[in-house]
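Heads up, the thing below is written out as structure tokens.
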Amino acid sequence: MNKRALLYARVSTDEQATKGYSLPTQLDACRSEAARRNLIVSTQLTFTDDYSGATLDRPGLACLRAVVTTGDHIIVYDPDRLSRDDVDFLVICREFDRAGAELVFVNGGEVPNTPEGDIIRYLMGWKGKRERATIRERTMRGKRAKAAAGKWVGSSHPPYGYRRVGERRNVQLEIYEAEAAQVRDIFRRFVGGESILGMAASLTAAGVPPPNRSKVAPVVLYDGQAHSQEPGVRRLSAWLGSDDPR
């Protein structure tokens, strides 16, 4: 009787950018390894995560750990896909050993359950942790250089009161006067003693769109708070970013 294979793949945004990892390519490699070993593969026993490897608190990994039984083969593309923390890596390897399962790395092979194997596991975990620190340092260095050059390091909507100019790596922020005027007015009114609830209600009534640029819905006041009759309304904080355009 063929034994079953449990496939696991993980990716994070930084790793996709720096190393070209992707869930489909990892799973393809794992399926090929399972076929080579004549193991049973099914979608129900394929688990993925789009999470950092710095923690074991991942939904896909949690599901995998819950179904592991004696005789299973757990196939992972690379040791750092399982964990990027040396201690967590040893913990999860020991957990699978005690469950009677065999852990196989496509890019690394099998690790024997021996004292020598424990040393190999430790080195695998240390390597993943070291790579994670290197990726983090390179990412932060790139962001600092980008900011020093006057470019924006964000990736989503700019703070309210600003707009993006430029393309791709040359994106910068400039004050968007139509929104910046609203931010100045909010601060001025707040310093003047107007309540946050009152400002939020008046902004909504005036049809001032929140940062997501969606249509503002009517506000109903009850229980001393502002509530929207339909999606779109925001609290006052929605109009205020971390920066005050001056």
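Values in this text are rule-based calculations from the coordinates and carry no lab data. Everything quoted here is computed from the prediction, not taken from an experiment. We place every Cβ from the backbone using ideal geometry, glycine too, and count neighbours over all the protein chains shown.
Structural remarks
- Taking 22, 12 and counting other C-beta atoms within 10 Å, the order from fewest to most: 22, 12
- Calculated FRET efficiency, residue 70 to residue 36, Cβ-Cβ distance, R0 = 25 Å: about 0.70 to the nearest 0.05.
- Inter-part distance where segment 19-71 and segment 177-213 are each reduced to a Cα centre, Å: 49 Å
- A simple packing score, the average count of other Cβ atoms within 10 Å per residue, orders the peptides 39-50, 191-202, 72-83 as 72-83, 39-50, 191-202, with the highest score first.
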